[in-house]
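To start, the structure under review is shown below, and the notes come after it.
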Amino acid sequence: MGDTGALQQKRLAWHNRQLDWLLERGLDVLVFDQGYQSNWYRADPRITYARYKGPLLRPGPARNPLLEDFYASDETWTVMADNDSVLIDEMDGHTIFGALPQIADNIYIFSPINGAIRGYPWKAKPDFFADFLVFERLVDLKGSFWFLRKPSQPIWFNDMQIGEDDDFAYQFVQQGLGAFQCHNIALREFAAYEGSSTLYDMETRKAVHAKAKAHFAQTYPGMRYENGRLNKHEFIARFWQGARGHTIDKGSL
């Protein structure tokens, strides 16, 4: 929640809005509660808290206990989310959860679009998107809010300064498991404002991003780090399996 009282109260309010949003959709929620104060807990049987008491973990390792719970469950799909993120309710932001059983077999990870970056595709073709779900290959992952199908063998987050989300997705792609973006849903981050982040300032982010890209180039066959950019074309060509996109008729769901 951050290390100052004002920021903590702001983020706690956003998190409670998120919890309400998830519960309204009939989801059970598991919260990995780092540094919680006693009055931050909610007495709701649909919310389970990890009751974590150890040292503060970075985002990657903090997600692994949630994955462990999911991998041990009978569930096929889960949602992973930062504590300030939901979907906007336009188009399929409210109904995507019910569509999960019919999503194509080679979709293992999918994330919403960020409307602030690419706009909202359904606004240009409202009739088309009213009838179809559209998935496009996207091997990078913004970990604010995303969907995960259980793999046959557990895959875990690595402990990194930054880039742990992309690293997680790359592990899936390297095993032939597809990572996509769904164009029918869009991210909403309550904390997407300057001064509300609990991670790095901009200059630090640039430095650690460069370090992460160099690490990926050394780790994943076919990736190259050149002129400040990570080239993934050969990696994708080598490991991607199945279609690079799916258009699913909602009438079949």
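Annotations for the structure displayed:
- Of all residues in the range 73-125, those satisfying the criterion of being within 28 Å of TRP156 (Cβ to Cβ) and assigned to a loop (DSSP other than H, G, I, E, B) are SER73, ASP74, GLU75, THR76, ASP82, ASN83, ASP84, ILE103, ALA104, ASP105, ASN106, ASN114.
- Selection status of VAL86, over 24 Å from VAL31 (Cβ atoms) and surrounded by 14 or more Cβ atoms within 10 Å (Cβ to Cβ): no
- Residue in the range 115-125 that is buried (at least 18 other Cβ atoms within 10 Å of the Cβ), farther than 17 Å from ALA186 by Cβ and touching a strand residue (DSSP E or B) at 6+ places or on another chain (Cβ under 9 Å) present: no
- Scan of the range 141-164 for residues that are free of Cβ contacts under 8 Å to residues at least 40 places away in the same chain and either closer than 28 Å to ILE88 by Cβ or in contact with a strand residue (DSSP E or B) (Cβ under 6 Å, 6 or more places away or on another chain) (or both), ordered by number: LEU141
- Taking the range 206-241 as the range and being of a type in the set (D, E, K, R), free of Cβ contacts under 8 Å to residues at least 12 places away in the same chain and in a helix (DSSP H, G or I) as the test, only LYS206 passes.
- Pairs are defined by a Cβ separation below 7 Å, a sequence spacing of at least 6 or placement on different chains, a first member in the range 86-109 that is farther than 13 Å from LEU148 by Cβ, and a second member that is at pLDDT 95 or above and part of a helix (DSSP H, G or I); the pairs so defined are VAL86/GLN18; VAL86/TRP21; MET91/TRP122; MET91/PHE129.
- Only residues that are in a loop (DSSP other than H, G, I, E, B), surrounded by fewer than 16 Cβ atoms within 10 Å (Cβ to Cβ) and touching a Gly at 6+ places or on another chain (Cβ under 9 Å) were counted in the range 126-163, giving 3.
- Any hit, the range 140-159, residues being acidic (Asp, Glu) and touching a His at 6+ places or on another chain (Cβ under 8 Å): no
- Scope the range 18-44; condition exposed (fewer than 15 other Cβ atoms within 10 Å of the Cβ) and among the hydroxyl-bearing types (Ser, Thr, Tyr); matching residues: SER38, TYR41
The values are calculated or read from the model by the stated rules, or taken from the named source; none is laboratory data. Owing to the predicted nature of the structure, the values given are computational and were not obtained by experimental measurement. Every residue, glycine among them, receives a Cβ derived from its backbone with ideal geometry; neighbour counts consider all protein chains shown.
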